[in-house]
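The values are calculated or read from the model by the stated rules, or taken from the named source; none is laboratory data. Since the model is a prediction, treat every value here as computed from it, not as a measurement. All Cβ positions, glycine included, derive from the backbone under ideal geometry; neighbour counts span all protein chains shown. To get the accessible areas, we keep the full protein, side chains included, count just its heavy atoms, and leave off ligands, DNA and RNA. Shrake-Rupley method; radii C 1.70, N 1.55, O 1.52, S 1.80 Å.
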Amino acid sequence: MKFLIKLISIFLLITISYVNSQLSQNEKNLILSYHTKWRSNPNGPTPVSPISTIVYNETIASALQLNLRKCDDSYSSMYKYAQNSEWQTWVTPTTSFNLTSILVNIEESSKYYDWSIAGCSNFSSSNCEIWTNAVWNKSISFGCAKSICDDTIELSCSYYPAGGFKGVLPYKPTSKTPSASTVPKMPNLSSGSVDWSDYQTPVRDQGECKSCWVFGSLAALESRYLIKNGVSEKSSLQLSAQNAMNCITSGCNSGWPANVFDYFESSGISFEKDYPYDAIGSDNCTSSSNRFEFSGYDTVENNKNSLIEELKNGPITISLYSDTAFQSYAGGIYDSVETYTDVNHVVLLVGYDKPTDSWKIKNSLGTKWGELGYARISASNDKLGILLYNSYFPKI
């Protein structure tokens, strides 16, 4: 009898947790208001005719909610039978869930929609594809749902009729000329702020391997190349982290950015397509005949003004301390509670925002981490040890 009571208690606990995770009316209203905003003023070419009005459909929302109860990341039967188009996003831990931040990130990702190919560029493509569904002219109704599975919140929306097809424009523009917003602009350095986010290759995911020092270094090489030569290659220009791991450390051991720049300065480094990343590593130090070459590298003195000054030329490979709280970062300007006197992680510094006095970094933990793989960190202090050591930048 005690065992039966325990099972019932557990079932009740799970049920209460699930019920509490449903979207509130205020959250539904917020989601609808953003959709209305996006469709009335899309970030792209002017539509030939206004995008149709979309309404919130509780029937769709209820069906989607039932599907999320399975906690298996699957899409609903509405999607499987091609009735609706759907998207999902995940936030960990549950205390980091910020609906407004998610919607703002979706809105900002619209600039990565390439009207010339009727699809999203690889960079930030997941949120860009969400935006494509949201402004699909033929969709007339949608519903959303939220669930908690373990320590993760899943948010999903489903649209009827289905849309978001690659190669098909979400609405017919007055001109086939790509929107000017799809062409990255050089940062306005006179403002005191700088942001090289538009000159980045796709965010990578190092997995369980201690290879951040490789990814942070290669990201600097890739970005500086795009700044110098244009962004047309940013979806395909990926250098081989595996090549660096195999030749320098024979596996997933930690390392230092200088090791990468030193080792490949004379020989050049292979491309990802020739030596794909496996998050394991080996002692097979071979290189392809086709290699990416650079002329050298230099260091930035470990002070704030020097970092900001060199940022005007391009991103910088930096080190910092990544603790459990930082690894759980989901958005906003991060200000560590703890102050660290050592570093254990390498990232790419891509920007500095003067009004908020904050750094912007590109991580190698995939796009589900932080703000699509990026983070903003307070620069008013140095609790994460960014200024403890000199930083590095390549010469292209």
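Among the residues of the range 291-312, those identified as open to solvent by less than 80 Å² (accessible area, probe 1.4 Å) and either in contact with a Cys (Cβ under 9 Å, 6 or more places away or on another chain) or part of a loop (DSSP other than H, G, I, E, B) (or both) are 294, 302, 303, 312.
Residues that are open to solvent by 30 Å² or more (accessible area, probe 1.4 Å) and more than 20 Å from residue 236 (Cβ to Cβ) within the range 250-277 comprise 250, 252, 253, 254, 256, 259, 262, 263, 265, 266, 267, listed in sequence order.
Here residue 364 meets each of (1) surrounded by fewer than 22 Cβ atoms within 10 Å (Cβ to Cβ); (2) among the hydroxyl-bearing types (Ser, Thr, Tyr); (3) under 16 Å from the mean Cα position of the chain (by Cα) with one exception, condition (1). A search for C-beta distances below 7 Å between a residue of the range 70-98 that is β-branched (Val, Ile, Thr) and any residue that is part of a loop (DSSP other than H, G, I, E, B), counting only pairs 6+ apart in sequence or on different chains, returns 91/97; 91/330; 92/151; 92/328; 94/151. The selection criterion, being over 21 Å from the mean Cα position of the chain (by Cα) and of a type outside the set (S, T, N, Q), holds for residue 337.
Tallying residues that are within 14 Å of residue 44 (Cβ to Cβ) and buried (at least 20 other Cβ atoms within 10 Å of the Cβ) within the range 130-148 yields 5.
Out of (1) more than 15 Å from residue 163 (Cβ to Cβ); (2) surrounded by fewer than 16 Cβ atoms within 10 Å (Cβ to Cβ); (3) in contact (Cβ under 8 Å) with a residue 24 or more places away in the chain, the odd one out for residue 31 is which? It fails just one condition, (2).
Each row is one residue, and each column tells you yes or no for (1) touching a strand residue (DSSP E or B) at 6+ places or on another chain (Cβ under 8 Å); (2) open to solvent by less than 20 Å² (accessible area, probe 1.4 Å); (3) over 13 Å from residue 133 (Cβ atoms).
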residue	(1), (2), (3)
72	no, no, yes
80	no, no, yes
92	yes, no, yes
99	yes, yes, yes
102	yes, no, yes
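Of everything in the range 247-274, what is modelled with pLDDT of 90 or more, part of a loop (DSSP other than H, G, I, E, B) and touching a helix residue (DSSP H, G or I) at 6+ places or on another chain (Cβ under 8 Å)? Give them in sequence order. Correct list: 256, 272.
Selection of the range 217-230 for residues being buried (at least 19 other Cβ atoms within 10 Å of the Cβ), free of Cβ contacts under 8 Å to residues at least 40 places away in the same chain and either over 15 Å from residue 264 (Cβ atoms) or out of contact with any Leu (no Cβ under 9 Å at 6 or more places or on another chain) (or both) yields only 226. For the range 313-325, a residue qualifies if it is within 18 Å of residue 383 (Cα to Cα) and open to solvent by 30 Å² or more (accessible area, probe 1.4 Å), and the qualifying residues are 321, 324, 325. For the structure I just gave you, tell me whether residue 17 is modelled with pLDDT under 90 and within 20 Å of residue 131 (Cα to Cα). No: the conditions fail for residue 17.
Against the conditions (1) among the hydroxyl-bearing types (Ser, Thr, Tyr); (2) crowded, with 18+ Cβ neighbours inside 10 Å; (3) not in a loop (DSSP other than H, G, I, E, B), residue 201 satisfies every one except (3).
Does at least one position in the range 315-327 carry a residue that is out of contact with any strand residue (DSSP E or B) (no Cβ under 9 Å at 6 or more places or on another chain) and under 26 Å from residue 208 (Cα atoms)? Yes: the range 315-327 contains one or more residues that are out of contact with any strand residue (DSSP E or B) (no Cβ under 9 Å at 6 or more places or on another chain) and under 26 Å from residue 208 (Cα atoms). Counting only helices (runs of 4 or more DSSP H) wholly contained in the range 18-126, the ones carrying 2 or more residues that are under 21 Å from the mean Cα position of the chain (by Cα) and at negative phi occupy 25-40, 99-108. Considering the conditions (1) in contact with a Leu (Cβ under 7 Å, 6 or more places away or on another chain); (2) modelled with pLDDT of 85 or more, residue 127 is excluded by exactly one of them, (2).
Here is a yes/no grid of residues against (1) more than 19 Å from the chain's Cα centre (by Cα); (2) surrounded by fewer than 21 Cβ atoms within 10 Å (Cβ to Cβ); (3) in a helix (DSSP H, G or I):
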{"site": "208", "(1), (2), (3)": "no, yes, no"}
{"site": "215", "(1), (2), (3)": "no, no, yes"}
{"site": "232", "(1), (2), (3)": "yes, yes, no"}
{"site": "243", "(1), (2), (3)": "yes, no, yes"}
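The residues of the range 278-290 that are open to solvent by 40 Å² or more (accessible area, probe 1.4 Å) and touching a residue at least 12 places away in the same chain (Cβ under 8 Å), listed by number, are 278, 280, 282, 283, 284, 285, 286, 287, 290. For the range 368-396, enumerate the residues that are crowded, with 20+ Cβ neighbours inside 10 Å and of a type in the set (Ser, Thr, Tyr). Answer for the range 368-396, where residues must be crowded, with 20+ Cβ neighbours inside 10 Å and of a type in the set (Ser, Thr, Tyr): 374, 391, 392.
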